[in-house]
Each structure stands twice: as structure tokens, then as C-alpha cells.
1. By count of other Cβ within 10 Å, fewest leading, how are Thr485, Thr577 ordered?
2. For a label point 7 Å from the Cα of Lys149 along Cα→C-beta, name the residues of the range 42-64 whose backbone N is under 12 Å from it.
3. Under the Karplus relation 6.51 cos²θ - 1.76 cosθ + 1.60, θ = phi - 60°, what is the ordered set of whole-Hz ³J(HN,Hα) values for the range 66-79, x standing for Gly and Pro?
4. When the Karplus curve 6.51 cos²θ - 1.76 cosθ + 1.60 is applied with θ = phi - 60°, which whole-Hz ³J(HN,Hα) does each residue of the range 144-155 get, with x for Gly and Pro?
5. Largest first and to the nearest Å, give the Cα extent of the range 481-629 along each principal axis.
6. Over the Cα atoms of the range 195-403, what radius of gyration and what Dmax do you get, in Å?
7. Of Ser299, Phe340, His368, whose Cα points farthest to the positive end of the dipole of the range 275-397 (charges on the beta-carbon: +1 Lys, Arg; -1 Asp, Glu; origin at the Cα centre)?
8. Please report, in debye to the nearest 20, how large the charge dipole of the range 468-628 is about its Cα centre when each Lys and Arg carries +1 at its beta carbon and each Asp and Glu carries -1 there.
Amino acid sequence: MRSRQLANRKPISNSIGSHLFAIIDSRNVQKEILFDWECSSDKKEWAQHMFYQSNNYIRINEENLIEVRNSCSAYTELSYLKKICQFWERRLPSRPMYNWERGDVKDLLSEIMVRTVLDDFKCLLYSPSRLASVSSIFLRSHYALIDGKIPDGLSFLFDGKFKRDAMVPLIENCDATYAEWSASGSYGSVPLAINSLILGNSINIVESEKTLVAVCFFRAWKKSPRHVAGCFRSATKSGRDILQDHSTRRCLLGSILTEEFAKVGLVHIAELPWSSVAEFTSYCRLVGKACMTILLSLSGHRLGELISVNSTDWEYRNDEMFVKEEIEKTLDSIKIPRHFSRLCEVAIRTFWNLSYVDVDIHKMPLFHRGYSSVLAKIICKGGNVQQWIYSYAAMNDNTLREWLDDYYKCEVIPLCPEIKNIHPKIGPHQFRHSWAEFALRRFDDNVEAKIREQFLHKSYASTRKYTDGKLKESVRYALEHDYLTEIVNRIAENPLRKDFMGPAYLRVKKALQKLRILHLSDVEKYIEEIVESVENFLAFEWGFCVMFRDAKNHAKCHDRFTGFPNPVGRGCVQLCTSCPNSMNNLAQRDELIRIAYCHTNIAETHPVTAIGQLSADIVRQIERRLEEE
Ligand code: SF4
């Protein structure tokens, strides 16, 4: 399959049987999909029918382009359809799909899910998300066939049980269980201990005196721009920098810089910590890398979402920072405001401050090159600053991946060389998975203190157990159990304090009334009984899922295929806020308010009415939950 950007050219045709599809998404990204597949035309037509049935497909517009929600997802989906069709042609050329047997689909999976090229990862399988994509195609084909919407499709359900049966033999080669593999995600995650090390190092850099000196330098320079190289020791005849010069003779920039230092308590700085502009630029780059890892670790946002942020995209509401991001994979990539925690805010503001231009005036990308001496030169010469920012300031995905790789190898591994064997390769998406895994403590009331406590501990050995994948499940269970016990104890100690809300909290509170008639020696046992009656305890940004064994049936997140609750896969604000198993603490209540704010924005601005309506419904639901308080 080939795809290329369309240069404002109309497609030939977009109907079933066409050799070419031309698609366009809400960001106006256009692509051309060529069906040069190695299979018969009836199979290609089946794939095209399937594509028209997908969630990604919206309509064929007036210009005869296929409107899709996201062109990248559409392209990916068609690439899976191509794999299926080519397998079909090779292995079962004359058999309709409704006559396929389970063994045929398993054969297909062993082709699609097993990597042919080995890399650093021990597991030879592709990610669970790849399996999810393939299974959703087959499920859709099954239902569409039953509903008579397509001429052919799978006759049996590609459900959770079938997935497990098909994957277990393939996983056996990977020294893992199905549960471990399916929880691993596509990129794995950064183990807690290593994430602690990375984050601790990054916070140290961002909050260091050296970084504050750099921020002051940029502030001062913007007030009195001059040749940058001449500010540093290596480029001056006297071998003195602007600060040292200022103390011996009049230097305007040196004098302003001294004032800036005085404002932030850096009066003791007598010389700049960098001897040349190259050293200084390299340090700014290091701070950028540290800021990026803080944002990836603590926000859980995708790299692409962070890349979409510009310095004009943020605002404060009730002293909290909201930054507008393009949400990948959902919401048609429109920009919506998202909340950032204080440490993320520090990282964002710090990196924007490392710029020769005022980012409140000039639209600067979050990950930028505004610290480049080339920009300083352009400013001094009165050149076109905006043009330079537009052409050179932004950093792309690949550069940032290199930054992360370089940061890990040069700054983190030297701190503890052993981690190279445990986690040799790092990628931005791994932080997203780690973020989800560390969810428990992060949503406690004193979030920042907990984050620091969790991420800044120095004892690597004590957290070594977290790096052992096989212990992951039991460690997670122990953490959840301990934390739930702590919460129930907190409620028991002070039932009048309104630290929690929601139906699950009311249930715990009611059960704890019995404590009044219990002997002190039985209290601990009774609290343990309450904790044990909870089958699943999970933390989301918006609340805890406290799924009591006897309230499982009332869970709102039932999986329509298995019939069981699926908190990990289906838990969301919309379902949880109306579920009897949910509970919120104060931090999560605040998060609900932020989510309501974001959805209000979507409800008011989204071009697709149905999506706007969905957001309006979520806002109403959150309001109801907050009113219950
Ligand atoms: S809907 Fe939410 S609160 Fe209810 S059981 Fe599912 S995940 Fe838990």
C-alpha cells in the first residue's frame, strides 16, 4: 500500500472497487491510498466495505474526498486490512471468510503478531494494541455480516477468550504470561526505580541554581540584546565574562544581570558558569531534555500532544495551568485545554524562559530552539524573528526521541550503570505506560509531596523489586491492598472530615459504623474484612474504582462481549461518575472540575455536533456527582 500527501488534487474515485482512495481528516491532512495489494479484486472490495464500516470513516464530502477522523489511524487500519487480504489470497484463495475456521485466524495471527526482525526487546511479539486492531476488524466483520452490511465476514466471535487461546502458544516463547504481555502495552514501561532516577535527576537540573542563572541571563539579554559570544570568557580578550566585566568597568548587560540575580537571591554569583556560548547552548539543551522527561513522566501525555503546544496556548484558571493540546487518536486532534501539575508547569515555564525572545509575544513551540545563538544574532541585526521561529524553532518527533535517548545514555545511566542491563532502551511512549502504573499514589491529596516522595528517593536497591517484571502483578496487588487499607483507616479515624465523596465512600463509611460496637482488638480485623470485600481497587485521575465483590453486577463498565466489568479497559469519567463503585478524594474532585472545564470547551467548540453533545452529557454527569457532595 502506498500513501502520499495530495497536492490539492482531486481523487479519481472513492467508491467500492476503486484502485485509489483519497482521504482527508479534520486537520486537513490528505492522503492517497493505492490498492496495489497482492490479492483478488473481491478481497480488496471486502476491505473497502470494511473501511466504510469503521469508526474512522465519516462520509464522502462534496469534493469527493473520504472524510476520516484521523488520517494516520485510517492508514493504519487499511494496512491491517491489506495484511488480512494478502494472507487470505495466499492461504485460502477461494474460501469465503464466513467459512474460515478458528485455526485459520490463529495462522493469520502467527503471521501478523510475530516479529520477523529481532531487536533489543526479548519478546518477539508485536504489541497487544496490534492484536486489538486486528480483533476489532474481525469483530466488526462479524457483526456487519450478521446485519447484512457487508457480503462476507467472520462467522464466529473474535472475543477475549479466542484472543487468549490464539496468543498463549505464541507468548510461550517470550518468557512471559498472557497477563504480563497483554498488560505490557506496545512499548513496555519505564520501571518505577528507573523512572525515579530519571525524574529525580531532571527535577534537580530544572530546579538547580545553574538553570536559574540561565533564566536570569535570558531575561537580562532581552532587556539589552548584544553579541552573545562576547558575554562569555572564552571570547573576550580579557578572559572575563559580562559579570566579571561589570565589576571592573561599566557593562550594561552585566549590570542588568546583576539586578536580575538580586531579585532571585543569586547575589553571590560572580561569574557565569559557562565559559563559551557553545557550553551555554549545550546546557540549555540539557535543561530542555530534563523538562521533556518531567512532562512525559508526570503528565502521561503523548509526545505528539506535547509537540502540538505553543506558548500562546496556555492560560491560568484558579491558579492552575491549562495548556491547549491536540489530542491524538481521539477528538479528531482538535486542541483542548489540559491541566498540568505544578512540576510540569515549572518545566514548561522554565524551558520557555530559555529563549532570546519573549514567548508571550512570539508564538514559540513548547520544545523549541529559542536558546540558539543564531536567533540572538538575527535579533541583534534586526532580522525577521518570526520567520526564523516559523522555520527553525520547532523540534520534531525524531529529534526529541534522540534527545531522550541521549539524555538516558549520558545523564541517567552513568548515575547507576546497572540499569543499562535492566532497561537498555527508552522511548517517550514508555513513560505513558509507567504513568498509568504509578497511578495509585499520584492521585492522593498531597499529590506533589507524594510524587516527590515516590520519585526522589535515592535508594535504588530498595526499589529493585519493581524492576522484576514477574513480580509486577503481586507488587501491584500489595500496593493496592496497602493503600486501600490506609484509606479505610483514614475514613475510620475521622468520618466527619469530608476528604472523600461518592457512593463507594458512603458504603465504606456506613460499614465503619459498626466499629462503634466492636472491641478495640477486633477493629483491625474488621477493617481488613472491609478491604478484603473489595475485589478491585484502581486509581484514575478522576476517582477511585472500589469494586466490592457483591457490587460487581452494578459496575457500569461491563464488557459487552465477556459480560464482566472491565475497569482498566472501560473505566472513564462518563461511566465512573454514575457507578456505585466509585469514590473521589479532594484531588480527584478537583480533577473532575478540570475535566468538566475541558469538556465544556469541547461541547462549545467541536465541529461535530454529536461529539459536542457527548461532552455536554459528561459535564452534566460530573455536575451531578459534585452536587452529591
Ligand atoms: S464504571 Fe468505573 S467505578 Fe464503576 S466499576 Fe467500572 S471502573 Fe469501577
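Derivation of every value follows stated rules applied to the coordinates shown; laboratory data play no part. None of these values were measured; they are calculated from a predicted model. When we count neighbours, we look across all protein chains shown, and the Cβ atoms used for this are built from the backbone with ideal geometry, even at glycine.
1. Numbers: Thr485 17, Thr577 25.
Going from sparsest to densest Cβ surroundings: Thr485, Thr577.
2. 49-58
3. 7, 7, 10, 5, 9, 5, 5, 5, 5, 5, 4, 4, 5, 5
4. Result, ordered by residue: 5, 5, 4, 7, x, 8, 9, x, 8, x, 5, 8 Hz.
5. Largest to smallest, the principal-axis extents are 61, 37, 21 Å.
6. 17.7, 60
7. Ranked along the dipole, the leading option is His368.
8. On the way: 22 positive and 23 negative charges, 78 e Å.
With Lys and Arg at +1 and Asp and Glu at -1, about 380 debye.
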